[in-house]
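For reference, the structure discussed in these notes is given below.
The values are calculated or read from the model by the stated rules, or taken from the named source; none is laboratory data. Everything quoted here is computed from the prediction, not taken from an experiment. Every residue, glycine among them, receives a Cβ derived from its backbone with ideal geometry; neighbour counts consider all protein chains shown.
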Amino acid sequence: MLRILAVLLTLAVLSTAYSFTASAQSLPLDMVERIAAAADEGRRHQASLGDIIDERRQIANRQLETVVVSAIVERPELFQAIMQEAYRQAPESQANLNVTVVSMFPGFAGALPQPSREPPRRAAPETPRVVPPPDVRAQDIVRARAPAERPPDWPILPKDGGIDGYADKDPLEGLNRVFFYANGALDILVFEPLARGYRFITPEVAQNALGRAFDNLASPIIFADDLLQLRFQRAAVTFSRFAINSTVGVLGLFDVAAELGLEGHDADFGQTLYVYGVGDGIYLVLPFFGPTTARDAIGLGVDSLFDPRTWFLGSTERLALYAGEGVVRREELIEAVNYLIENAESNYDAVRAWTYQQRQLELSE
């Protein structure tokens, strides 16, 4: 059953069927504005950072490339028009754009247009208007735009008084920052474009169903940790949910158990260690996995032993399923990441504070 689910979910998440047409089309105005805004932001970063070469600048310089890649994922039939507009807005970035785009879309290597000699288009200063952030689709503006105010269920940024309980537990901050920015580059170049493409081609009802299916796959892990924490009533609920949703709920695509009054909850081995008095340890940023603590990093390893995917799937199927889940989870975080980028004074500090606050909520369950 897990093998079938792995194939179905992975195909649903990662497959895309686009047809490329050679007919010239003009770009939508919102796409032009996104490219222009990203080019302007890149120049501001260049001016503020000067000749300093570090991870922050490398990530900042990727903003235009990210917008262009996202636009191509969204409208591949406008490939040449998108590239022409990017050349026009940021002629100094043409070489980097070509390298990035060809690496992401090898099939378009022979379709790169000649650079435009027209000057960049700029919005008239006397007619200001609200412009969508660089990474927002016009048809999805409500869902994708970073909100002006923090939703009540999101953690609070440090500049707004949010608590960062890991700030004094970060002795490896220098190394953690290296991994933080490396993970950010991977997200910019791979996971964010995939997440936006997945959102674009997948109806919202299907997105919700896939999210529930991946939640259901975590049930054996939650069940094991419920037992280890001696929370037998919660364990019974977890077991019942898994049995009902895996059968009547069609491999977890539908949360039938919730309709019967069996609400789900989370549990992990890091939480289990917390129940038995084990402290956080130091703050860590792991390659690919992101921010965590020493205790919770151990928990990740132990929970993998409780995961049936470890035992019943081959390495290729398992990695494909994890990659599919990664895209689904990244799509769920598009608004949160936008909010952080738009409002945080320091992305590293903000993510560390968010990690702490979110973890405290999970441990208090």
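Report those helices (runs of 4 or more DSSP H) wholly inside segment 1-101 carrying at least 3 residues which are within 25 Å of the chain's Cα centre (by Cα) and modelled with pLDDT under 80.
Counting at least 3 such residues, we get 2-14, 29-49, 55-60, 63-74.
Restricting to segment 203-228, and then to whatever is crowded, with 17+ Cβ neighbours inside 10 Å and of a type in the set (Asp, Glu), can you tell me which residue is nearest to GLU325 (Cα to Cα)?
The extreme case among them is ASP215.
Run down LEU333, LEU319, LEU340, LEU363 and say which single residue is in contact with a helix residue (DSSP H, G or I) (Cβ under 7 Å, 6 or more places away or on another chain) and either closer than 19 Å to PHE191 by Cα or surrounded by 16 or more Cβ atoms within 10 Å (Cβ to Cβ) (or both).
LEU340
Would you please name the residue that is nearest to PRO203 (Cα to Cα), looking only at residues in segment 229-270 that are of a type in the set (Gly, Ala, Ser) and surrounded by fewer than 17 Cβ atoms within 10 Å (Cβ to Cβ)?
Among them, the one singled out is ALA258.
Under 8 Å by Cβ, and 6 or more places apart or on different chains, what pairs join a residue from segment 317-344 that is touching a residue at least 60 places away in the same chain (Cβ under 8 Å) and of a type in the set (S, T, N, Q) with one that is part of a helix (DSSP H, G or I) and surrounded by fewer than 18 Cβ atoms within 10 Å (Cβ to Cβ)?
That search, which allows pairs on different chains as well, returns ASN343/LYS159.
Can you pull out the residues in segment 310-330 that are of a type outside the set (A, V, I, L, M), assigned to a helix (DSSP H, G or I) and out of contact with any Asp or Glu (no Cβ under 8 Å at 6 or more places or on another chain)?
Once the filter is applied, which keeps residues that are of a type outside the set (A, V, I, L, M), assigned to a helix (DSSP H, G or I) and out of contact with any Asp or Glu (no Cβ under 8 Å at 6 or more places or on another chain), segment 310-330 yields THR310, TRP311, PHE312, SER315, THR316, GLU317, ARG318, TYR322, GLY324, GLU325, GLY326, ARG329.
Is it true that ALA185 is at pLDDT below 95, among the small types (Gly, Ala, Ser) and touching an Asp or Glu at 6+ places or on another chain (Cβ under 9 Å)?
yes
Scan (1) of a type in the set (Asp, Glu); (2) surrounded by fewer than 17 Cβ atoms within 10 Å (Cβ to Cβ); (3) within 19 Å of ASP215 (Cα to Cα) for the single condition ASP303 breaks and write down its number.
Here ASP303 clears every test but (2).
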